[in-house]
Amino acid sequence: MSDRIHSLSGYMQEYQKSVHDPENFWARIADSFHWQQKWDQVVNWNFEEPNVKWFLNGKLNITENILERHLFTHGDKPAIIWEPNDPNENHITLSYKELYHKVCQFSNAMKAQGIEKGDRVIIYIPMVPEAAIAMLACARIGAVHSVVFAGFSASALADRINDCQAKMVITSDGNFRGAKTIPVKAVVDEALEKTSSIESVVTLKRTGTDVMMKEGRDIWWHDAIDGMPFENKAEVMDSEDLLFILYTSGSTGKPKGVVHTCGGYMVYTSYSFRNVFQYNQGDVYWCTADVGWITGHSYIVYGPLLSGATSVMFEGVPTFPDAGRFWQVCDKHQVSQFYTAPTAIRALQAFGTEPIAPYKLDSLKVLGSVGEPINEEAWHWYHDHVGKGKCPIVDTWWQTETGGILISPLAGITPTKPAYATMPMPGVQLVVVDNEGNELKGNSVEGNLCIKYPWPSMLRTTYGDHERCRQTYFSSFPGYYFTGDGVKRDEDGYYRILGRVDDVINVSGHRMGTAEVENAINEHPKVVESAVVGYPHDIKGQGIYAFVICDMEGRSEESLEEEIKQTVNKIIGPIAKPDKIQIVPGLPKTRSGKIMRRILRKIASGDTSNMGDISTLLNPDVVESIKSTAR
Ligand code: WTA
């Protein structure tokens, strides 16, 4: 496609064009897609309400741009290569033609189950090709998918079903993960005891685990598709019709449903995929994320498939059957672009270079990193031992809310710098502001990362609560979208992400709201109050440290800690389990009753040297006591 950038000067030119004339810039890129009706306005926006619309009145179906558009040119090319958890099980390759038929067939089955345009459908399924098929089938018929990471608990799943009033759940009997088999359908059954909107559940047989099938509600995937035609006509969607909702944690309350719409998301994910990874026809691209996160949406499914790429989907984990699994899969499928998270790199780094040694890794051309800041040590290890010093690393910064990569090198085209996401993508107008909202111009500045102009794949709202969207992203610094991240722009103008400046913890690249974890902990009947902060963790990036005030009667500290962990496990899922729990007599508070997290963060990180001025606290004595029993 004509919008590929090939040189540093090409990048500079494109960037300039995108800022001086964004409308023409994006219209040119959008033109290469198949629209059933062309848009009549490129963008209409304000960041006050906020109200952002792209490609207004354009009509399209994103799956036509993935399936029909590629059928004649490369229908036999592999769209998805699925690698199972067990290396002895055969992999599956789905060509674009096969994917087309499977998506049509399953979307016909969904219709037969009563799903219509606009209905919300929950996808709670492990990493199997059917996850992508289900997403695309929803998009095909205009249903709004909401994929819930299959590691979330029944209670977290029920909250999401209730929030979006979903009509259908698509799931599997179980999930193979490393040496474990995890029940999945049973979690759905438990969740559905707390919901009333679900009319049908479609279950894929994957592990053969025994499941309960409820008469009139539950149907097997293979029965649902039985006899369904392999073709259909894609629903006509407006650019601004909902494509999906994805729940993500914020600094307050329960997770919010980030809303993405059809037209802008299509244009941006595909454009960014091709430019960041410099994908060429014939390359095999592999992103190791889970489809339950935004990375899986934009860069396993939509971005690559819109670009006619071959996308590898992996069911397993990096350390099963051993710490060489990633590299074995890279060699087996001759992967050219490999995209993973710093936490995985650090976990593998801990095993040394021995597990890499048996593999050639000579097909690799580009390495990618996403989800959290990558420390320099991990960057070098990745670069030297995996990339053998010849593969550029694209450190891609973005968010669930941004839909696509906003800051990143373009592989082999623009410079890289260890631990830096480097430069904005064309169309992305970054600003660094101080805490008062003043723009910090020039280089060598540090502050809050904001964006001053819309880009096509930005969130449109938070589902069912637009005011929350305004408050969270558009009110801290009026006139700007606020990312929640701190950033440094160095002397060369390169951006380095410094991490969250709000109450969000990034655990192994997974976003957790401190309030969300606290609410879960507080569900334990013996807990009086709790405060959760992040602390530096060698592998996970950040760990979860919980300070908890408990009624200790009849309990030992040890048993309480275990019970609290189990409570969090049940309410959110294993990813939110605190790494450390400290039972404390009180929490440091201001006179107005606000918890002083700054102090707790210092204690959690093991830095008790200088607590700053604590004399103004309501209860300064408690600080000494917490310090003396810190973990
Ligand atoms: C963090 C994941 C540093 C950041 C795509 C952001 C990063 C949050 C990077 C979004 C990166 C993501 N360098 N930090 N390359 N990529 N982050 O919504 O704090 O799961 O705000 O999206 O992850 O997490 P989310």
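Checking residue 378 against (1) touching a residue at least 40 places away in the same chain (Cβ under 8 Å); (2) outside the structural domain of residue 283 (by TED's automatic domain parsing); (3) aliphatic (A, V, I, L, M); (4) out of contact with any Phe, Trp or Tyr (no Cβ under 8 Å at 6 or more places or on another chain), only one condition comes out false. Which one?
(1)
Of all residues being within 27 Å of the chain's Cα centre (by Cα) and of a type in the set (A, V, I, L, M, F, W, C) in the range 542-563, which is nearest to residue 500 (Cα to Cα)? Just the residue, please.
Ranking the qualifying residues of the range 542-563, first place goes to 544.
Tell me, which residue of the range 296-309 that is outside any loop (DSSP other than H, G, I, E, B) and in contact with an Asp or Glu (Cβ under 9 Å, 6 or more places away or on another chain) is farthest from the ligand (Cβ to nearest atom)?
So, considering only residues that are outside any loop (DSSP other than H, G, I, E, B) and in contact with an Asp or Glu (Cβ under 9 Å, 6 or more places away or on another chain), the one farthest from the ligand (Cβ to nearest atom) is 300.
So for the range 543-550 (the condition being within 18 Å of residue 157 (Cα to Cα), of a type outside the set (Gly, Ala, Ser) and touching a helix residue (DSSP H, G or I) at 6+ places or on another chain (Cβ under 7 Å)), does at least one residue qualify?
There is no residue in the range 543-550 that is within 18 Å of residue 157 (Cα to Cα), of a type outside the set (Gly, Ala, Ser) and touching a helix residue (DSSP H, G or I) at 6+ places or on another chain (Cβ under 7 Å).
Among the residues of the range 335-387, how many are farther than 19 Å from residue 422 by Cβ and either surrounded by fewer than 23 Cβ atoms within 10 Å (Cβ to Cβ) or touching an Asp or Glu at 6+ places or on another chain (Cβ under 8 Å) (or both)?
24
To keep it simple, each residue is scored yes or no on (1) more than 16 Å from the ligand (Cβ to nearest atom); (2) more than 26 Å from residue 271 (Cα to Cα).
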{"position": "348", "(1), (2)": "yes, yes"}
{"position": "355", "(1), (2)": "yes, yes"}
{"position": "363", "(1), (2)": "yes, no"}
{"position": "366", "(1), (2)": "no, no"}
{"position": "387", "(1), (2)": "yes, no"}
{"position": "391", "(1), (2)": "yes, no"}
{"position": "397", "(1), (2)": "no, no"}
{"position": "403", "(1), (2)": "no, no"}
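Modelled with pLDDT of 90 or more, under 26 Å from residue 369 (Cβ atoms) and within 16 Å of the ligand (Cβ to nearest atom), is that true of residue 541? Talk me through it step by step, then tell me what you get.
Values: modelled with pLDDT of 90 or more: yes; under 26 Å from residue 369 (Cβ atoms): yes; within 16 Å of the ligand (Cβ to nearest atom): yes.
So residue 541 fits the description; yes.
Going by the structure shown, is residue 486 within 12 Å of the ligand (Cβ to nearest atom), at negative phi and buried (at least 20 other Cβ atoms within 10 Å of the Cβ)?
no
If residue 147 satisfies all but one of (1) touching a residue at least 24 places away in the same chain (Cβ under 8 Å); (2) under 19 Å from residue 309 (Cα atoms), what's the number of the condition it fails?
(2)
Each row is one residue, and each column tells you yes or no for (1) aliphatic (A, V, I, L, M); (2) part of a strand (DSSP E or B).
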| residue | (1), (2) |
| --- | --- |
| 134 | yes, no |
| 140 | no, no |
| 146 | no, yes |
| 152 | no, no |
| 156 | yes, no |
| 161 | yes, no |
| 170 | yes, yes |
| 175 | no, yes |
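Could you grab me the full set of residues in the range 458-469 that are more than 12 Å from the ligand (Cβ to nearest atom) and buried (at least 17 other Cβ atoms within 10 Å of the Cβ)?
Of everything in the range 458-469, those that are more than 12 Å from the ligand (Cβ to nearest atom) and buried (at least 17 other Cβ atoms within 10 Å of the Cβ) turn out to be 458, 460, 461, 462, 463, 468, 469.
I need the full set of residues from the range 184-234 which are surrounded by 19 or more Cβ atoms within 10 Å (Cβ to Cβ) and closer than 30 Å to residue 56 by Cβ, in order please.
234
Filter the range 490-520 down to residues that are more than 15 Å from the ligand (Cβ to nearest atom), of a type outside the set (A, V, I, L, M, F, W, C) and modelled with pLDDT under 95, then give me how many there are.
Residues flagged as more than 15 Å from the ligand (Cβ to nearest atom), of a type outside the set (A, V, I, L, M, F, W, C) and modelled with pLDDT under 95 within the range 490-520 amount to 2.
Look through the range 368-385, keep the residues that are within 13 Å of the ligand (Cβ to nearest atom) and charged (D, E, K, R), and return whichever of them is nearest to the chain's Cα centre (by Cα).
Of everything passing the filter in the range 368-385, 372 is nearest to the chain's Cα centre (by Cα).
Filter the range 258-272 down to the residues that are touching a Lys or Arg at 6+ places or on another chain (Cβ under 8 Å), surrounded by 24 or more Cβ atoms within 10 Å (Cβ to Cβ) and not hydroxyl-bearing (Ser, Thr, Tyr) and list them by number.
Within the range 258-272, just 260 meets the criteria.
Please note which helices (runs of 4 or more DSSP H) are completely contained in the range 56-126 and include at least 1 residues that are hydrophobic (A, V, I, L, M, F, W, C) and surrounded by fewer than 23 Cβ atoms within 10 Å (Cβ to Cβ).
68-74, 96-112
Quick test of your reading of the structure: residue 354 fulfils all but one of (1) assigned by TED's automatic domain parsing to the domain that holds residue 265; (2) over 21 Å from the mean Cα position of the chain (by Cα). Name the failing condition by number.
Checking residue 354 against (1) assigned by TED's automatic domain parsing to the domain that holds residue 265; (2) over 21 Å from the mean Cα position of the chain (by Cα), the one that fails is (1).
Looking only at the range 577-602, count every residue that is touching a residue at least 40 places away in the same chain (Cβ under 8 Å) and in a helix (DSSP H, G or I) and tell me the total.
Selection size over the range 577-602: 3.
Looking at this structure, is residue 191 outside any helix (DSSP H, G or I) and of a type outside the set (Val, Ile, Thr)?
It is false that residue 191 is outside any helix (DSSP H, G or I) and of a type outside the set (Val, Ile, Thr).
All but one of (1) more than 16 Å from the ligand (Cβ to nearest atom); (2) under 30 Å from residue 52 (Cα atoms) hold for residue 407; which doesn't?
(1)
The values are calculated or read from the model by the stated rules, or taken from the named source; none is laboratory data. Note that this is a predicted model, so its numbers are computed, not measured. Positions of Cβ are backbone-derived with ideal geometry, glycine not excepted, and every protein chain shown enters the neighbour counts.
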